[in-house]
Amino acid sequence: MSVSLKNTLLFALVFGLILATGIFQSWNVALGIFNMGLISAIMALGVNMQWGYAGLFNIGVMGFVALGGLAAVLVGMPPVGEAWAAGGLRVILGLVLGALTIVAAILAWARLPHGRMRALAVLAILVVGFLTYRWVFDPGVVAVEKVNPAGTGYLGGLGLPVLVAWPVGGLLAAGAAWLIGKTALGLRSDYLAIATLGIAEIIISVLKNEDWLSRGVKNVVGVPRPVPYEIDLQKSEGFVARMQAWGFDPVTASSIAVKLAYAGFFVVVLLALIWLAEMALKSPWGRMMRAIRDNEVAAEAMGKDVTARHLQIFVLGSAVCGLAGAMMTTLDGQLTPGTYQPLRFTFLVWVMVIVGGSGNNLGAVLGGFLIWFLWVQVEPLGRWLMDVITLGLPDGSWLKGHLLESAAHMRLLTMGLILVLVLRFSPRGLIPER
Amino acid sequence: MIVVDDVHKHFGGFHAVDGASLQIAEGSITGLIGPNGAGKTTLFNVIAGVLKPTAGCVSMAGEDITGLPPHTLFGKGLLRTFQIAHEFHSMTVRENLTMVPGGQSGEALWNAWFRRGKVAAEERELLKKADEVLEFLTIDHLRDEKAGNLSGGQKKLLELGRTMMVDAKVVFLDEVGAGVNRTLLNTIGDAILRLNSERGYTFCMIEHDMDFIGRLCDPVICMAEGKVLAEGTIDEIKANEHVIEAYLGTGLKNKVTA
Amino acid sequence: MKHLLLGSAALISLAGAAMAGSHSEDIKIGVILGYTGPIESLTPQMADGAELAMKEVTDSGKLMGGAKVTPVRADSTCVDAGAATAAAERLVTADGVKAIMGADCSGVTGAILQNVARPNGIVMISPSATSPALSTAEDDGLFFRTSPSDARQGVVMTEVLMEAGINEVAVTYTNNDYGKGLADSFQAAFEAAGGSVTISAAHEDGKADYSAEVGALASAGGDRLVVAGYVDQGGSGIVRAALDSGAFDTFHFPDGMISDKLVENFGSEIDGSSGQHPSPSDELATRFTDLVGGAFDATSPFVPESYDAAALIMLAMQAAGSSDSADFAGKIMDVANAPGEPIQSGELAKALEILADGGDIDYVGATGVELIGPGEAAGTYRVVGFENGEEVTAGRK
Amino acid sequence: MDVLNALVAFANFVLVPATAYGAQLALGALGVTLIYGILRFSNFAHGDTMAFGAMVTILVTWSIPLVFAWLQFNFPTLLFPIADWVLSPFGVAGGPLPTALLALPVGILVTALLLLGTDRVIYGFYRQQRAKPVVLVIVSMGVMFMMNGLVRFVIGPDDQRFADGARFIVSAREFKAMTGLREGLAFKTSQGITIVTAVIVVAALFWFLNRTRTGKSMRAYSDNEDLALLSGINPERVVAITWIIVAALATVAGVLYGLDKSFKPFTYFQLLLPIFASAIVGGLGSPVGAIVGGFVIAFSEVTVTYAWKKVLGYLMPEALEPSGLVQLLSTDYKFAVSFVILVIVLLFRPTGIFAGKTG
């Protein structure tokens, strides 16, 4: 079987599964899976850039996705004038002071002569800077958070169209990745992994606890959408009339129309990314990246600046994850920092990349769709399986109850099993690197 | 061309290179020999920027290059090969060569996406050059083979070929003959001599095979215990008492006198 | 891969067959709760509570001339808005549920409301989403909750503490919208009443160790420690660590902490503490516990609320004579509030009869349901005290 | 007097809890570091291995009274007095020690079997293939998912309390009564057992690694695999013994943690982060480093977020008493603290405090 035929069949299979969902369950479910599949595919593309192209072991995906989500709030939500008046400038000033302190400390460390004096000077800068920062920053935060805490209590966003947030999400993630890469990319793979895992946790705890920024755990709901609300479609006479003319139920049609509109945006982004990634991989840039992954020492000896290239790809991959994060928050219509769990947003994306085929963009995309489909559908599958298994057991027996209640945990078990099986029998993934 | 001045490299308490000084003249093929553990490879790594020296300095054509990273040295025309071949195993032989030249416009993502015509034109030039190199090395029949599938000697040739993709000034060869059969070794030797005479490459090579050294190198420098012991023609070195003593000390006298 | 495909194909055809066999008298109601995730230990009982009401109605055979009500469970994960939306989407559009009992956590509840319930015009009654932000969410009149908003509870807590002569407390809250929202509204109310909060520190549920939190709380001091958390999550961990280290002897427990588990865990160690939870009378609570009859833990948080949420859905259907959300959404406030015959838990059959005869009911249920304003429980709270290792009722507010 | 009060307050809220927490982290980090040293990969499934070990121990603990009753019934004369004597110090028979300690060996045994099984079915394959370590890390992610699901599947997601016996060695109230100080110092039995067990386990491990033939061959294998193979060490045996030791460490750590707090499958996944931070701060592959790292992380988490108001209140003259909390960072960020320390250590000593393996 030729490679392209096999790939076509694999994609046909995954889309067949989604179509079957549409036929046997409902088109809304199928489109819902398809939309999240598109976003998952983009996340998987981002991780694939880092891991597949360059061998960088980043398990802080969650953090970058969350930063993208933050962008959706910071760009899309309307500003809260009252909060800005109460302490907005003070907060901003505090942040600037904090950043200046760190810059000053780094400069002092780099410029001053070695010795005890240097350590003391840096320490002094940090302590004084930290105290000034807290002195300026804290009252501002208190003032901002006092403004109607149940409804706002934060500075709000810029009130721009939410589509602007997508590239901004990418930029925000890229900025964070640059900072992290500068400090942590020199580490060897296991250490880099733990460092990124930790930094992702730090990003989440900032999102959870800095209420002035995005309401923390109180969540921001009602993030604007780039597509019409279903309810507005249902009220629009033109829409209802046309749908009825075509023989559709206007309510179902409205939610399908909205999902299709989202799918349109997402497909455009995904196709653009695939095109960019493929072009890059085929070019001398991609050749250089593969050389670096094959043998860092030799690539360095052949004049390639391995550190700079690692930083570049780390920033790019993270930006793609950030973009996906902003898209996801737009689709959800809300930012809920508690949602960000490493199992779901880091390890699951890794399963997508590994199962799909690391180093191959199409593989990552396939993995994104397939694993998301399973993540959603394993739950009813597990329930059905348990029903079958417990068929012979008497009603009300302890074991039967226990098995039925535990069915939900099949999901994690299955994901682990799939990962291990693929690594064992098709270690390069379903669509291996060419 | 290259001046190494009192270089030290310590790993904890172990002094791998302990005050080595030597010069590599422009246009020469300098051999570097010495018993195992003499510090030859460590010195190579210091010169090539892989290791930072504990003390001392290295200069190239009068310019201090101490501690510069390998990719910067590459830009200055200082190239190297490895004791164990470092090919890019998942790439074809041709790709192994075309990746080498620096400053390819296609290495910038912007050009790779939006100036594809320019990149393609450059690429054609690169492929032509790569084919010439492969022909020169007599391995042009392998051009589309994955580099990982080559034999040990072919990989060494490929490494030598990489240095030909750019205008190298100095090439450091780390045991280019190790584990290579006689026929291929002769091919490699011919290539080195031609590169030296036709293209004016300066070579510095670590080697254990004394026949090979004898055929190519003048002068030969002998190291032991992290220091330079002697310098001269191969015959002078073979006759040098200190050298014989150094090898005897490690029970390798027969290798020198053979 | 092949087997997987066969498996899902089999499942899908099975689901299709089940749907084909359904008729107008088989009403499905979604039970969307976080069976996995941070509150996975609370949700099974909550689902049991809701399903108890459905069984009661089905067994009575009186809903719209003998309709059968089938619960369909789906996992909200409590935290993953994407997965929750997908699950709800499946329930509404594939399984064809007529209403949703859920979801649990405020975050996913908001997501399901905006992305599934509103677009499809499906009624949603949450037993446990207490975030004040949901009061103002756009809901097209489809969203209700049987638990009161935390804004109300903050005021009640302040009254309870002030009456006990306590005006300096430390606060710790579980770091989610429930805990933070409650801590905020409490602090505002308490300070407005002249009290002072020495520290308001978050604790993460299910995390490793609470020594650091308790250290900070002890250092800040206060007459009582307010624990706005969950009893079988970090809340108990904090109380344990505070008691063990002698940091605090007495506590104040909001609704997430009040359950038999609390007394079981700490016995007489928390004597002198106080608390409150939404519950109109002991009578109703006991009645509900008896109704459950030990089949599951009836006192676990939000279990009676779940029963009531499910009951309200079915009673409104009966009142409207239709299982279509568009028809019965407007009836929910009617059946929940006066005027009418008061209906307690276990009396659903009676209620169905009255409604069938065109009468009015005032559903009281297991929690004394009284819906106000934007369709949330008014919140009558039972004030709780702890004496000799027992939980006692100290009044109502 | 005030100085004493300040000291006691500090000991009660920082010293004692951080020591116990540090001991738990150290045991976890030892397991991680051993796998890293000998099998050469970071095992992401370690947190869930701890959960599995603790789960088995709990299940056995619950069944002990049943076995006890069965013995009492069937062998009233012969075996019962022995069982009685064995059980008497434990909670199940009214003694001060938690019964779980009695169940611990069974927990270790079952966990060891599980780990040997996963090694045979899963990891062994990649060792034969000489796969890159990072592949094993990814495989361990899969194992992590599976164990996570397995534990929840068997025991459910709920909190399980299984601590019995005496709760305190010294309670805060008793301490106050004894000393007449205003501050109390509590020392829980679980904390005492944690520290004592940790010391015993660590001592035994070091004795094993440094004094026994097998231990020495393990260290040799860890230092240089090829050399060790040349000198006739059987690698499969070293690997098997490593898994058994790791099972013991993980189960002990998991059970101690569960005794001190409570058992909940989800928390063990969360523990993975501080455990790895400990192992890396100390230097991956270095057992001493793992122990030091555990305490560094535990103490920094507790002290950096500690509010010094109370301690300073005792030490400072009344006029200077702090009005604020004197807290460097709010406790919200205690997790961040361990990672900031991790990053700083890595920046200045890229292989950890006790220079771990670099290869």
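Residues that are of a type in the set (D, E, K, R) and surrounded by fewer than 21 Cβ atoms within 10 Å (Cβ to Cβ) were ranked within the stretch C:243-260; the one that is nearest to C:Ala202 (Cα to Cα) is C:Asp249. Out of the residues in the stretch D:115-136 meeting the condition of being more than 21 Å from D:Phe276 (Cβ to Cβ), within 14 Å of chain A (Cβ to nearest Cβ) and assigned to a helix (DSSP H, G or I), tell me which one is least open to solvent (accessible area, probe 1.4 Å). Selected residue: D:Gly124. Criterion applied to B:Leu97, B:Leu79, B:Leu73, B:Leu127 was being buried (at least 17 other Cβ atoms within 10 Å of the Cβ) and either outside the structural domain of B:Ser59 (by TED's automatic domain parsing) or of a type in the set (Lys, Arg) (or both), and the one residue passing it is B:Leu97. Just to be sure, is D:Gly258 over 30 Å from D:Ile344 (Cβ atoms), more than 13 Å from every other protein chain (Cβ to nearest Cβ) and small (Gly, Ala, Ser)? So D:Gly258 does not fit the description; no. Out of the stretch B:100-118, which residues are among the aliphatic types (A, V, I, L, M) and open to solvent by 40 Å² or more (accessible area, probe 1.4 Å)? Of everything in the stretch B:100-118, just one residue is among the aliphatic types (A, V, I, L, M) and open to solvent by 40 Å² or more (accessible area, probe 1.4 Å), namely B:Ala108.
Screening C:Leu243 against (1) more than 14 Å from chain D (Cβ to nearest Cβ); (2) assigned to a helix (DSSP H, G or I) leaves a single unmet condition, (1).
When only residues in the stretch B:149-198 that are basic (Lys, Arg) and within 23 Å of B:Met60 (Cβ to Cβ) count, which is least open to solvent (accessible area, probe 1.4 Å)?
So the first thing to find is which residues in the stretch B:149-198 are basic (Lys, Arg), and the list is B:155-156, B:162, B:169, B:182, B:194.
From what's left, within 23 Å of B:Met60 (Cβ to Cβ): B:162, B:169.
Values: B:Arg162: 2, B:Lys169: 102 Å².
The selected residue is B:Arg162.
In the stretch D:267-276, is there at least one residue being surrounded by fewer than 22 Cβ atoms within 10 Å (Cβ to Cβ), within 14 Å of chain A (Cβ to nearest Cβ) and not in a helix (DSSP H, G or I)? No, the stretch D:267-276 has no match at all.
Is the stretch A:116-125 home to any residue that is β-branched (Val, Ile, Thr), in the same structural domain as A:Pro149 (by TED's automatic domain parsing) and in contact (Cβ under 8 Å) with a residue 40 or more places away in the chain? Checking the stretch A:116-125: not a single residue is β-branched (Val, Ile, Thr), in the same structural domain as A:Pro149 (by TED's automatic domain parsing) and in contact (Cβ under 8 Å) with a residue 40 or more places away in the chain.
Table: residues versus (1) out of contact with any Gly (no Cβ under 7 Å at 6 or more places or on another chain); (2) over 19 Å from A:Phe266 (Cα atoms); (3) facing another protein chain (nearest Cβ under 9 Å).
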| position | (1), (2), (3) |
| --- | --- |
| A:Ile23 | yes, yes, yes |
| A:Met36 | no, no, yes |
| A:Ile42 | yes, no, no |
| A:Leu45 | yes, no, no |
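The residues listed here are C:Arg240, C:Arg224; of these, the one that is farther than 25 Å from C:Ala50 by Cα, in contact (Cβ under 8 Å) with a residue 60 or more places away in the chain and open to solvent by 20 Å² or more (accessible area, probe 1.4 Å) is C:Arg224.
Which members of the stretch D:74-114 meet the condition of being in a loop (DSSP other than H, G, I, E, B) and touching a residue at least 60 places away in the same chain (Cβ under 8 Å)? It would help to see each step written out before you state the result.
Taking the stretch D:74-114 as the starting set, the residues that turn out to be in a loop (DSSP other than H, G, I, E, B) are D:75-78, D:88-89, D:94-96, D:98-99.
Within the stretch D:74-114, D:Gly95, D:Pro96, D:Pro98, D:Thr99 qualify.
Hey, among A:Ile256, A:Ile202, which residue is of a type in the set (A, V, I, L, M) and within 30 Å of D:Val139 (Cα to Cα)? Steps first, answer last, please.
Details: A:Ile256 fails: within 30 Å of D:Val139 (Cα to Cα).
The unique qualifying residue is A:Ile202.
Checking each residue in the stretch C:166-219 for being within 13 Å of chain D (Cβ to nearest Cβ), closer than 25 Å to A:Thr336 by Cα and assigned to a helix (DSSP H, G or I) picks out C:Gly179, C:Lys180, C:Ala183, C:Glu213. Identification of helices (runs of 4 or more DSSP H) wholly contained in the stretch A:225-330 with 3 or more residues that are assigned by TED's automatic domain parsing to the domain that holds A:Val61 and open to solvent by 50 Å² or more (accessible area, probe 1.4 Å) yields A:237-246, A:250-282.
If you go through the stretch D:137-146 and pick out every residue that is within 26 Å of A:Leu403 (Cβ to Cβ), open to solvent by less than 10 Å² (accessible area, probe 1.4 Å) and among the hydrophobic types (A, V, I, L, M, F, W, C), you end up with 3.
For (1) in contact (Cβ under 8 Å) with a residue 24 or more places away in the chain; (2) within 14 Å of chain D (Cβ to nearest Cβ); (3) aliphatic (A, V, I, L, M), each residue gets a yes or a no:
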position	(1), (2), (3)
A:Asn209	no, yes, no
A:Pro226	yes, no, no
A:Ile231	no, no, yes
A:Ala263	yes, no, yes
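Can you confirm whether the stretch A:359-367 contains a residue that is facing chain C (nearest Cβ under 10 Å), part of a helix (DSSP H, G or I), at pLDDT 80 or above and touching a Gly at 6+ places or on another chain (Cβ under 8 Å)? No - not one qualifying residue is present in the stretch A:359-367. The single condition among (1) assigned to a helix (DSSP H, G or I); (2) more than 9 Å from chain D (Cβ to nearest Cβ); (3) over 23 Å from D:Val137 (Cα atoms); (4) touching a residue at least 24 places away in the same chain (Cβ under 8 Å) that A:Ala408 does not satisfy is (2). Taking the stated definitions as given, is B:Ala121 under 24 Å from the mean Cα position of the chain (by Cα), outside the structural domain of B:Glu26 (by TED's automatic domain parsing) and either open to solvent by 20 Å² or more (accessible area, probe 1.4 Å) or small (Gly, Ala, Ser) (or both)? For B:Ala121, the condition - under 24 Å from the mean Cα position of the chain (by Cα), outside the structural domain of B:Glu26 (by TED's automatic domain parsing) and either open to solvent by 20 Å² or more (accessible area, probe 1.4 Å) or small (Gly, Ala, Ser) (or both) - is not met.
Suppose we filter D:Gly47, D:Gly37, D:Gly31 for residues that are open to solvent by less than 10 Å² (accessible area, probe 1.4 Å), assigned to a helix (DSSP H, G or I) and within 12 Å of chain C (Cβ to nearest Cβ); which single one remains? Matching residue, one of D:Gly47, D:Gly37, D:Gly31: D:Gly47. Being open to solvent by 40 Å² or more (accessible area, probe 1.4 Å), of a type in the set (Val, Ile, Thr), within 14 Å of another protein chain (Cβ to nearest Cβ) and assigned to a helix (DSSP H, G or I), is that true of even one residue in the stretch D:179-188? Taking every residue of the stretch D:179-188 in turn, at least one turns out to be open to solvent by 40 Å² or more (accessible area, probe 1.4 Å), of a type in the set (Val, Ile, Thr), within 14 Å of another protein chain (Cβ to nearest Cβ) and assigned to a helix (DSSP H, G or I). Among the residues of the stretch C:54-76, how many are open to solvent by 10 Å² or more (accessible area, probe 1.4 Å) and either farther than 24 Å from A:Asp249 by Cβ or within 14 Å of chain A (Cβ to nearest Cβ) (or both)? Looking only at that region, the number is 14.
Condition check ((1) open to solvent by less than 30 Å² (accessible area, probe 1.4 Å); (2) within 14 Å of chain D (Cβ to nearest Cβ); (3) more than 24 Å from D:Ile138 (Cβ to Cβ); (4) assigned to a helix (DSSP H, G or I)) across all residues:
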{"site": "A:Gly153", "(1), (2), (3), (4)": "yes, no, yes, no"}
{"site": "A:Pro167", "(1), (2), (3), (4)": "no, no, yes, yes"}
{"site": "A:Ala173", "(1), (2), (3), (4)": "yes, no, no, yes"}
{"site": "A:Gly181", "(1), (2), (3), (4)": "yes, yes, no, yes"}
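The C-beta contact set for the stretch C:263-283 (first residue open to solvent by 20 Å² or more (accessible area, probe 1.4 Å), second residue hydroxyl-bearing (Ser, Thr, Tyr) and in a helix (DSSP H, G or I), distance under 9 angstrom, 6+ apart or interchain) comprises C:Asn265/C:Ser236. Considering only residues that are in a loop (DSSP other than H, G, I, E, B) and farther than 11 Å from A:Gly317 by Cα, look in the stretch A:15-70 and name the one that is nearest to the chain's Cα centre (by Cα). The extreme case among them is A:Gly60.
The values are calculated or read from the model by the stated rules, or taken from the named source; none is laboratory data. Model, not experiment: these values are computed from the prediction. Methodologically, a virtual Cβ is constructed for each residue, glycine included, from the backbone with ideal geometry; neighbour enumeration extends over all protein chains shown. All accessible areas refer to the heavy atoms of the entire protein, side chains included, with ligands and DNA or RNA removed. Shrake-Rupley method; radii C 1.70, N 1.55, O 1.52, S 1.80 Å.
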